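What follows is one structure encoded as structure tokens, with my remarks underneath.
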Amino acid sequence: MPLAMNRNVFITCAVTGSGGTQDKSPHVPRSPKEIANSAIDAARAGAAVVHCHVRDPETGSPSRRLDLYREVTDRIRSADVDVVLNLTAGMGGDIVFGSAEAPFPLNEAATDMIGASERMAHIRECLPEICTLDCGTMNFAEADYVMTNTPGMLRAMGKMMTDLGVKPEIEAFDTGHLWFAKQLVSEGTLAAPALVQLCMGVPWGAPNDLNTFMAMVNAIPEDWDWSAFSLGRDQMPYVAASVLAGGNVRVGLEDNLFLEKGVLATNAQLVEKAVGVVEGLGAKLIGPDDVRARLGLTKRAPK
């Protein structure tokens, strides 16, 4: 892929992830109302796409409850601001082993491993324009935790997304994930051109140095659309790096809690700061209708 700056950029805001950030900032939304309101504020600030997980409203812990996803979807869809909805499909692939010396039995309390159809239940229910497909298995920070996405699971989930008319956002945490994504497209499980999110700096995936980043960028087929992000203090530098390398950008409280050192951010503030970076580089921001036209998306109300 030739290196060329992207002159027409869309911003994705990752509103709230599944990580343990709920007790680190009062701005991390928990309830469906809080998540939807934060997404709507991010859209008003300039985000064309909002990427949403749901959390238990009482504890803030990650959840897969259909009613929570449906409430978030309905609130965002009924808002007076338009935005492309992107729901995670990454939940339900968590294996936590017992220990290094005694991996079995599994840590049942922490393990959340379900089948492909159940992982897609809320996508069938809510029919967002986009949902994520974490395109590989990897060690993920903690000592005994594995994010589990086997080729069979990914083929099954990818086919369901294609059949539903929901655009997969391929989340690539390392180069092998891109390799498999290209295989899914070549065999017809996913439609071309695909959409990729480069997830940089997540332990223990691709480190977020620029050499690794450009290796990831250069592995993306030229006709695919892509975005990238990194974590914490590297979130905003990767806004600039992604635009300069030809991509789109992602910011939000899923990946970073701070506006600057010692100052906790809201999602809208992170989007506003990203808007400044993008426009400061001389690029133009595009909105949700242009994103739908570019990516071939259809906005639908849930049944």
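Could you tell me whether PRO221 is within 16 Å of LEU178 (Cα to Cα), modelled with pLDDT of 95 or more and not hydrophobic (A, V, I, L, M, F, W, C)? Full working, then the answer.
Numbers: within 16 Å of LEU178 (Cα to Cα): yes; modelled with pLDDT of 95 or more: yes; not hydrophobic (A, V, I, L, M, F, W, C): yes.
Judged against the criteria, PRO221 is a match.
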* Exactly one condition in (1) in contact (Cβ under 8 Å) with a residue 40 or more places away in the chain; (2) open to solvent by 30 Å² or more (accessible area, probe 1.4 Å); (3) under 16 Å from the mean Cα position of the chain (by Cα) is not met by ASN267; state its number. => (2)
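Okay, residues lined up against (1) in contact with a Cys (Cβ under 9 Å, 6 or more places away or on another chain); (2) surrounded by fewer than 22 Cβ atoms within 10 Å (Cβ to Cβ):
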| site | (1), (2) |
| --- | --- |
| THR111 | no, yes |
| GLU125 | no, yes |
| PRO128 | yes, no |
| CYS131 | no, no |
| ALA141 | no, yes |
* Structure fact -> The condition of being closer than 17 Å to ASP41 by Cα and basic (Lys, Arg) holds, among LYS273, LYS284, only for LYS273
* Structure fact -> Of the residues in the stretch 154-185, those that are open to solvent by 50 Å² or more (accessible area, probe 1.4 Å) and either touching a helix residue (DSSP H, G or I) at 6+ places or on another chain (Cβ under 8 Å) or closer than 29 Å to GLY20 by Cβ (or both) come to ARG155, ASP174, THR175
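Under the condition of being hydrophobic (A, V, I, L, M, F, W, C) and under 15 Å from GLY92 (Cβ atoms), which residue from the stretch 55-78 is least open to solvent (accessible area, probe 1.4 Å)? Walk me through how you get there before you give the answer.
Within the stretch 55-78, the first condition is being hydrophobic (A, V, I, L, M, F, W, C), and the residues that meet it are 66, 68, 72, 76.
When the remaining residues are screened for being under 15 Å from GLY92 (Cβ atoms), the result is 66, 68.
On the way: LEU66: 73, LEU68: 6 Å².
Checked the stretch 55-78; the qualifying residue least open to solvent (accessible area, probe 1.4 Å) is LEU68.
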* Long-range neighbours under 7 Å by Cβ, at least six apart or interchain, first residue farther than 17 Å from ALA143 by Cβ within the stretch 86-113, second of a type in the set (Gly, Ala, Ser) and not in a loop (DSSP other than H, G, I, E, B) -> MET113/GLY93
* Which of the residues that make up the stretch 61-104 are within 23 Å of MET120 (Cα to Cα), of a type in the set (D, E, K, R) and in a loop (DSSP other than H, G, I, E, B)? -> ARG64, ARG65
* For CYS52, work out the one condition from (1) surrounded by fewer than 21 Cβ atoms within 10 Å (Cβ to Cβ); (2) modelled with pLDDT of 95 or more it doesn't fulfil. => (1)
* To do: Just name the residue that is nearest to GLU142 (Cα to Cα) out of those in the stretch 226-256 that are open to solvent by less than 30 Å² (accessible area, probe 1.4 Å) and of a type in the set (D, E, K, R).
  => ASP255
* Looking for whichever is open to solvent by 50 Å² or more (accessible area, probe 1.4 Å) and farther than 25 Å from ASP74 by Cβ here; the options are PRO203, PRO151. Which one fits? => PRO151
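For the stretch 25-50, give me each residue that is hydrophobic (A, V, I, L, M, F, W, C), assigned to a helix (DSSP H, G or I) and in contact with a helix residue (DSSP H, G or I) (Cβ under 6 Å, 6 or more places away or on another chain). Before the answer, list the steps.
Initially, the stretch 25-50 is screened for residues hydrophobic (A, V, I, L, M, F, W, C), giving 28, 35-36, 39-40, 42-43, 45, 47-50.
From what is left, the residues that are assigned to a helix (DSSP H, G or I) are 35-36, 39-40, 42-43, 45.
Within the stretch 25-50, ILE35, ALA36, ALA39, ALA42, ALA45 qualify.
The values are calculated or read from the model by the stated rules, or taken from the named source; none is laboratory data. All of these numbers come straight from a predicted model, not from anything done at the bench. Positions of Cβ are backbone-derived with ideal geometry, glycine not excepted, and every protein chain shown enters the neighbour counts. Accessible surface areas use protein heavy atoms only, side chains included; no ligands, DNA or RNA. Shrake-Rupley method; radii C 1.70, N 1.55, O 1.52, S 1.80 Å.
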